[in-house]
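Scroll down for the structure; my scribbles are underneath it.
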Amino acid sequence: MTGSRLLALICAALLAQVIWVICLAMWKRRQTAGEIEPRSGDPPTGNFKAAAWPGWRSFRIASRRFEDESQSQCSFSLEPDDALALPSFLPGQFLTFALPIVSIDAATTLRCYSISDRPDPAAYRITVKRALPPPARPDVPSGVGSAWFLDEAKVGDLVQVRAPAGQFVIDDDVTITAVFIAGGIGITPMLSMIL
């Protein structure tokens with residue numbers, strides 16, 4: 001058996017396993033639609049059945065920390081401006097932001113970023129990677145949302161945020177082995193799944 005044939009068989013086996021896990025997760029989701037419970041072993045950090053806030057809510061940037069030497073990825077801790085407790089979220093969900101970018105003609109600039117930490121009733125954390133132009137198109141502008149977060153957002157600034165959303169979440173059945181495959185900043189939602 002050649003090395004390339006062995007590699008092809010391993011890749012096919014991994015792909016089959018990932019497809020099986022996804023199909024099983026979708027089947028289980030249909031079985032338990034509407035019942036969202038915390039994962040087994042998680043600390044009680046919020047009410048997973050509580051309704052999220054409607055519309056927009058003001059959050060203050062409580063801290064920011066670069067995650068790499070090139071300063072292309074930065075994590076932001078966000079605390080609600082009203083100081084009320086936050087509803088929990090399912091690991092893998094994201095927040096939607098209305099960013100105060102004045103250099104754009106649009107009324108608001110909306111961007112979504114994955115929550116990159118475990119549930120905390122006092123704050124959410126996101127991690128943002130600078131979106132660069134494609135190598136073949138240097139004339140295309142960089143990502144305005146990521147540029148605002150990395151270059152302009154300061155501790156104390158307010159941002160408007162919608163409640164956690166999204167269905168790319170980990171199955172809470174501890175009897176199912178999880179397989180994580182990601183690359184680049186796509187690992188962000190998986191951070192909250194692993195934590």
Quiz item: When segment 139-152 is examined, which residues are found to be open to solvent by less than 60 Å² (accessible area, probe 1.4 Å) and in a loop (DSSP other than H, G, I, E, B)?
Solution: 140, 142, 143
Exercise. Name the residue, out of 123, 153, that is of a type in the set (Gly, Ala, Ser), under 16 Å from the mean Cα position of the chain (by Cα) and modelled with pLDDT of 85 or more.
Key: 123
Quiz item: Conditions: (1) part of a loop (DSSP other than H, G, I, E, B); (2) modelled with pLDDT of 90 or more; (3) open to solvent by 20 Å² or more (accessible area, probe 1.4 Å); (4) under 30 Å from residue 172 (Cα atoms). Residue 82 meets all but one. Number of the miss?
Solution: (4)
Quiz item: So how many residues does segment 153-193 have that are in contact (Cβ under 8 Å) with a residue 24 or more places away in the chain, surrounded by 11 or more Cβ atoms within 10 Å (Cβ to Cβ) and outside any loop (DSSP other than H, G, I, E, B)?
Solution: 12
Exercise. Among what's in segment 73-93 and is in contact with a strand residue (DSSP E or B) (Cβ under 6 Å, 6 or more places away or on another chain) and small (Gly, Ala, Ser), pick the residue that is nearest to residue 129 (Cα to Cα).
Key: 75
Self-check item: Unmet criterion (only one of (1) basic (Lys, Arg); (2) touching a Phe, Trp or Tyr at 6+ places or on another chain (Cβ under 6 Å); (3) loosely packed, with under 14 Cβ neighbours inside 10 Å) for residue 65
Solution: (2)
Quiz item: Does residue 91 satisfy the condition of being assigned to a loop (DSSP other than H, G, I, E, B) and open to solvent by 50 Å² or more (accessible area, probe 1.4 Å)?
Solution: no
Quiz item: Do we find a residue being without any contact (Cβ under 8 Å) to a residue 60 or more places away in the chain and part of a helix (DSSP H, G or I) anywhere in segment 103-120?
Solution: no
Practice problem: Kindly indicate the residue of segment 122-138 that is closer than 20 Å to residue 85 by Cα and of a type in the set (A, V, I, L, M, F, W, C) and also most open to solvent (accessible area, probe 1.4 Å) among those meeting that condition. | Solution: 122
Quiz item: Regarding residue 77, is this residue modelled with pLDDT of 90 or more and of a type in the set (Ser, Thr, Tyr)?
Solution: yes
Practice problem: Please enumerate the residues belonging to segment 33-69 that are modelled with pLDDT of 90 or more, part of a loop (DSSP other than H, G, I, E, B) and either touching an Asp or Glu at 6+ places or on another chain (Cβ under 9 Å) or among the small types (Gly, Ala, Ser) (or both). | Solution: 55
Practice problem: Out of 58, 77, report the one residue that is in contact with a Ser or Thr (Cβ under 6 Å, 6 or more places away or on another chain) and farther than 16 Å from residue 146 by Cβ. | Solution: 77
Quiz item: Can you pull out the residues in segment 140-195 that are farther than 12 Å from residue 101 by Cβ and touching a Cys at 6+ places or on another chain (Cβ under 7 Å)?
Solution: 150
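The values are calculated or read from the model by the stated rules, or taken from the named source; none is laboratory data. What you see is a predicted model; the values in this text were computed from it and never measured. Cβ atoms come from the backbone with ideal geometry, glycine included; neighbour counts cover every protein chain shown. The protein model used for the area step is the full one, side chains on, heavy atoms only, and it has no ligands, DNA or RNA in it. Shrake-Rupley method; radii C 1.70, N 1.55, O 1.52, S 1.80 Å.
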